[in-house]
Amino acid sequence: MTTESAPARSSTARVVLASLVGTTVEWYDFFLYGSAAALVFNQLFFPAGDPLMGTLLAFITYAVGFIARPLGGLVFGHYGDRIGRKKLLVVSLVMMGGATFAIGLLPTYQSVGVLAPLLLTALRLIQGFAIGGEWGGAVLIVSEHGSSERRGFWASWPQAGVPLGNVFGTAVLAVLAAVQSDEAFLAWGWRVAFLLSGVLVLIGLWVRLAVAESPVFLEAQRKAEEAGTEQKPPILEVLRRYRGEVLTAMGARFAENVVYYVLTSFVLTYVVTFLDLPRGVALNAALIASVLHFISIPIWGALSDRFGRRPIYLLGTLGTGVWAFFFFTMLDTKSFWVITFATTVGLVFHGAMYGPQAAFFAELFGTRVRYSGASIGYQLASIVAGSLAPIIATALLAAFDSSLPISIYVALCSVVTLYAVFRAPETRERDLAADHAV
């Protein structure tokens with residue numbers, strides 16, 4: 001190792017740590033809502049005679065957060081491409097943490113009536129807006145710091161913050177559910193998990209403020225200033241020159257997003273409401289599976305550095321599409337360990353898509369529009385994929401009283417992603433400082 005490469009690696013490691021910590025905190029906040037929607041919000045904010053109907057209403061507000069994500073991606077992407085990645089990452093973290101903390105203080109439907117779900121929906125919109133800006137900045141600041149040879153590995157770490165945030169959120173809820181009665185958990189215990197967000201945000205800010213701005217962005221900014229050319233709004237440049245890349249990102253994102261929310265959010269509803277098993281069975285199975293998911297993502301990212309983004313992504317897409325037909329059959333055994341195994345395998349296959357995804361999407365766009373382009377492609381797919389996945393799965397279960405239609409739904413989504421990724425170019429060798437628009 002040369003004396004010059006050691007500081008570079010050290011700097012990259014610090015940036016990775018900052019992105020991982022911040023992303024973990026933000027996704028803790030975001031996924032906490034999903035878990036609570038499946039477990040308590042249906043009773044506290046959307047009381048209904050039919051438990052599945054109450055859950056469906058709770059998941060609709062869950063989906064509202066996804067609708068706000070493209071707007072967040074657009075606004076944060078615009079300013080992230082203009083003034084830098086770091087500043088916007090700090091703003092998104094504060095915004096997300098504040099909304100989550102406020103949810104922990106909300107009155108319930110029994111106290112204030114219809115105002116309760118309205119306030120919950122408003123805060124969910126703020127969460128969605130913030131997370132819409134978080135992803136692009138977190139993965140790009142890492143991608144633009146690291147070396148091209150290990151970009152897939154380094155860029156996968158902010159991705160790993162997603163299941164790690166889910167681990168923390170699920171763990172907190174699982175502990176609270178284990179040490180409290182159902183009555184205490186519903187009355188006040190669930191609020192503790194949301195109020196804890198205030199502490200986590202302070203930790204995330206302390207780490208994130210210490211990192212340097214992306215050197216690739218700073219160099220591109222310097223060249224633009226020297227050239228004296230007028231900078232067009234990044235979104236206009238994306239729509240003019242990168243339409244195909246945005247569609248590629250959306251298609252690649254489709255199955256990955258649907259599969260994840262079926263495996264992490266809807267599975268709680270299926271196990272607790274449909275199979276009538278204790279809440280702890282679903283939470284603990286999700287907790288174990290998410291830990292192994294977290295471990296798998298950097299491994300898949302490293303494999304994409306060796307074999308390419310497309311082969312690893314295609315493997316994960318095919319795996320999840322096939323596994324969907326085994327997944328619910330295994331849940332129906334009502335065995336904790338079988339449920340855990342089924343969820344773990346599904347999430348490991350998902351990791352094969354999610355691990356290479358950050359580097360893959362970053363490599364599709366030029367530096368001056370990368371934040372906007374990657375965020376828009378990533379977040380637009382979330383509206384029709386992740387936001388609707390728990391709703392569609394719950395509706396299919398209520399309509400057919402069977403999991404088979406849900407498996408078919410997941411498999412069809414996998415076909416969409418297989419087509420998009422198969423037609424995409426291999427990007428592993430690309431220089432992030434170059435312009436690859438066609």
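Quick notes on this structure:
- Semi-axis lengths, Å, the chain, gyration tensor of Cα atoms, sqrt of 5 times eigenvalues: 35, 24, 20
- Convex hull of Cα atoms in region 11-224, direction-averaged projection (nm²): 12.1
- Each Lys and Arg adds +1 at its Cβ and each Asp and Glu adds -1 at its Cβ; summed about the Cα centre, the chain shows a dipole of about 560 debye.
- Across region 316-413, the mean sequence separation of Cα contacts (distance under 8 Å, 6 or more residues apart), normalised by length, yields a relative contact order of 38 percent.
- Lys86, Lys223, reordered so the largest accessible area comes first (probe 1.4 Å): Lys223, Lys86
- Solvent-accessible area per residue, Å², over the chain with all protein chains present [probe radius 1.4 Å]: 38
- Accessible surface of the chain, 1.4 Å probe, proportion on carbon and sulfur as whole %: 70
- Under the span-like rule (Cα at least 24 Å along the axis, Kyte-Doolittle mean at least -1.0), DSSP H helices of the chain: 5-36, 51-83, 85-103, 115-143, 151-179, 243-261, 279-307, 309-331, 336-362, 404-423
- Overall Cα dimensions of region 232-437, principal axis frame, Å, largest first: 55, 34, 25
- Among the lysines of the chain, pairs that are 8 or more positions apart or on different chains and have alpha carbons within less than 29 Å of each other number 5.
The values are calculated or read from the model by the stated rules, or taken from the named source; none is laboratory data. Here the structure is a predicted model, which means the values were calculated and not measured. Cβ atoms come from the backbone with ideal geometry, glycine included; neighbour counts cover every protein chain shown. All accessible areas refer to the heavy atoms of the entire protein, side chains included, with ligands and DNA or RNA removed. Shrake-Rupley method; radii C 1.70, N 1.55, O 1.52, S 1.80 Å.
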